[in-house]
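Here is the structure we will look at, set down as structure tokens.
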Amino acid sequence: MSRLDWTSHTGRALQGNVRVPGDKSVSHRALMLGALAEGTSHIRGFLEGEDTRATAAVLQQLGVRIETPADGERRVHGVGLHGLRGTTQALDCGNAGTGMRLLAGLLAGQAFDSTLVGDESLSRRPMRRVTDPLAQMGARIDSEQGLPPLHVRGGQSLHGIRYTLPVASAQVKSALLLAGLYAEGETEVIEPHPTRDYTERMLAAFGWPIDFAPGRARITGGHALRATDVAVPADFSSAAFFLVAASIVPGSLLHLPAVGLNPRRTGLLQALRLMGADIRVENAHESGGEPVGDLVVRHAPLHGIELPQSLVPDMIDEFPALFVAAAAATGRTVVRGAAELRVKESDRLAAMASGLRTLGVAVEETPDGATVTGGPVGGGTIQSHGDHRIAMSFAVAGLVAGGPVRINDCSNVATSFPGFLALANGCGFALAEVHD
Ligand code: S3P
């Protein structure tokens, strides 16, 4: 297969309405809970990304009927908590850390064995953070050096534990809660900093008793999930690229309708405002139990900040975009306490530091962060390292660069944001595909 590169040039001022696709985290969870529920759940606003489609395909391999009545919709015919069927085929999670980690928890409680595999990037990502606490619950999951593939042994009897997460992670919390559905007694997860609580909210919406508050969640096994309809909000993490783009390109004004504004996701909004950005929330309301609103972003001169460390977990996926904002700002932006970025789809601290340096931006990388000194951004060729968010962030950098920015290997943008190129070009980007 040929490699897909992009070139990004300075375009015009960004204008218009940008409707970004559905939330990835919510889409994964809606599929999984829908599959384990009794009855049929209808998901609207489903993300048609490779990551979420991989999760749907895995559940289909496990005997769940999932229909696609229209683009962005799924009808999941739940099989009940004990209705999944085992398969000897490997279950391919693609690029999706969320898919693999949550499925590891879900599969730990089944009667059958299963094997979870992933692509090259996922096969390098640490899994002990889920397999260790799951083992404490009685699960048996074999892997080599804590890396995928994960061989999950069925027929284990799980018991609840009280687990304090060493690192804030919604994926680990969610894996334990999903295993907790099958566990005897109480499963309680305590977080060092609250993380996105979609699993907790959705378990409640599917009728499972759960006690949760920011930073902790507790369930007991032995109940049932009842099918429900899920309205997936637009993904704040996808909106993030447009928030940064419009902030840094003079004359821009973008409207981003109906974006999910769960406070555990919107750290970038606060960070950009601290940098001087002009972003307003209009029409704030609740949809499907989640805060949602329209974002209106206008160009504004940005200045560097010392990023408050308390914001880090609430913007964990937005650092590539933040670093581009920092490059286009005046002064220094300092990020600390973000070592988790090294184990995302790529080492995002290294990938952003080397890419920005290629474009002539001064970046000092530290073990848990970076200092970016804003200044002129030049053209050049950078590596995405197969990471969707790195690719889209450098597409944004190209808008303010002195020459074309070529981004190698952009095909994984389809994991989270199919249609990014068309949507971006529709509002003023000058982004072109280059097939090698
Ligand atoms: C996610 C949690 C975060 C995030 C990822 C999605 C989720 O990962 O980076 O994109 O849906 O639970 P961690 O739990 O590893 O922080």
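The values are calculated or read from the model by the stated rules, or taken from the named source; none is laboratory data. Note that this is a predicted model, so its numbers are computed, not measured. Cβ coordinates were reconstructed from backbone atoms using ideal geometry, including for glycine residues, and neighbour counts include every protein chain displayed. These area figures cover heavy atoms from the full protein model, side chains too; ligands, DNA and RNA do not enter into them. Shrake-Rupley method; radii C 1.70, N 1.55, O 1.52, S 1.80 Å.
Is it fair to say Asp23 is under 20 Å from the mean Cα position of the chain (by Cα) and either open to solvent by less than 30 Å² (accessible area, probe 1.4 Å) or within 16 Å of the ligand (Cβ to nearest atom) (or both)?
Values: under 20 Å from the mean Cα position of the chain (by Cα): yes; either open to solvent by less than 30 Å² (accessible area, probe 1.4 Å) or within 16 Å of the ligand (Cβ to nearest atom) (or both): yes.
Considered against the rule, which asks whether it is under 20 Å from the mean Cα position of the chain (by Cα) and either open to solvent by less than 30 Å² (accessible area, probe 1.4 Å) or within 16 Å of the ligand (Cβ to nearest atom) (or both), Asp23 comes out as yes.
Among the residues making up the range 37-65, those that are touching a His at 6+ places or on another chain (Cβ under 7 Å) and open to solvent by 20 Å² or more (accessible area, probe 1.4 Å) are Thr40, Arg65. Could you tell me whether any residue of the range 224-238 is surrounded by fewer than 18 Cβ atoms within 10 Å (Cβ to Cβ) and within 16 Å of the ligand (Cβ to nearest atom)? No: zero hits.
Checking Asp314 against (1) in contact (Cβ under 8 Å) with a residue 60 or more places away in the chain; (2) among the charged types (D, E, K, R); (3) assigned to a helix (DSSP H, G or I): exactly one of these is not met. Which one? For Asp314, the failing item is (1). Pairing each residue of the range 17-35 that is among the acidic types (Asp, Glu) with any residue that is at pLDDT below 95 and away from the ligand (no atom under 11 Å from the Cβ), provided the two are 6+ apart or on different chains, yields no C-beta distance under 7 Å.
Give the residues of the range 132-155 that are in a loop (DSSP other than H, G, I, E, B) and either farther than 24 Å from Ile190 by Cβ or within 16 Å of the ligand (Cβ to nearest atom) (or both), sorted by residue number. Outline the logic, then answer.
Within the range 132-155, the subset in a loop (DSSP other than H, G, I, E, B) is 137-139, 145-146, 154-155.
Selection gives Gln145, Gly146, Gly154, Gly155.
Arg128 - would you say it is farther than 19 Å from Leu36 by Cα, in contact with a Lys or Arg (Cβ under 7 Å, 6 or more places away or on another chain) and open to solvent by 20 Å² or more (accessible area, probe 1.4 Å)? For Arg128, the condition - farther than 19 Å from Leu36 by Cα, in contact with a Lys or Arg (Cβ under 7 Å, 6 or more places away or on another chain) and open to solvent by 20 Å² or more (accessible area, probe 1.4 Å) - is not met. Say whether the condition of being under 22 Å from Ala96 (Cα atoms), modelled with pLDDT of 95 or more, open to solvent by less than 10 Å² (accessible area, probe 1.4 Å) and not in a strand (DSSP E or B) is met by at least one residue in the range 161-168. There is at least one residue in the range 161-168 that is under 22 Å from Ala96 (Cα atoms), modelled with pLDDT of 95 or more, open to solvent by less than 10 Å² (accessible area, probe 1.4 Å) and not in a strand (DSSP E or B). Just one of Gly386, Gly426, Gly403, Gly398 is part of a loop (DSSP other than H, G, I, E, B), more than 21 Å from Gly97 (Cα to Cα) and either out of contact with any helix residue (DSSP H, G or I) (no Cβ under 8 Å at 6 or more places or on another chain) or open to solvent by less than 10 Å² (accessible area, probe 1.4 Å) (or both); which is it? Exactly one residue qualifies, and that residue is Gly403.
Would you check if there is a residue in the range 201-219 being in contact (Cβ under 8 Å) with a residue 24 or more places away in the chain, within 12 Å of the ligand (Cβ to nearest atom) and open to solvent by 10 Å² or more (accessible area, probe 1.4 Å)? The answer is yes; a qualifying residue exists.
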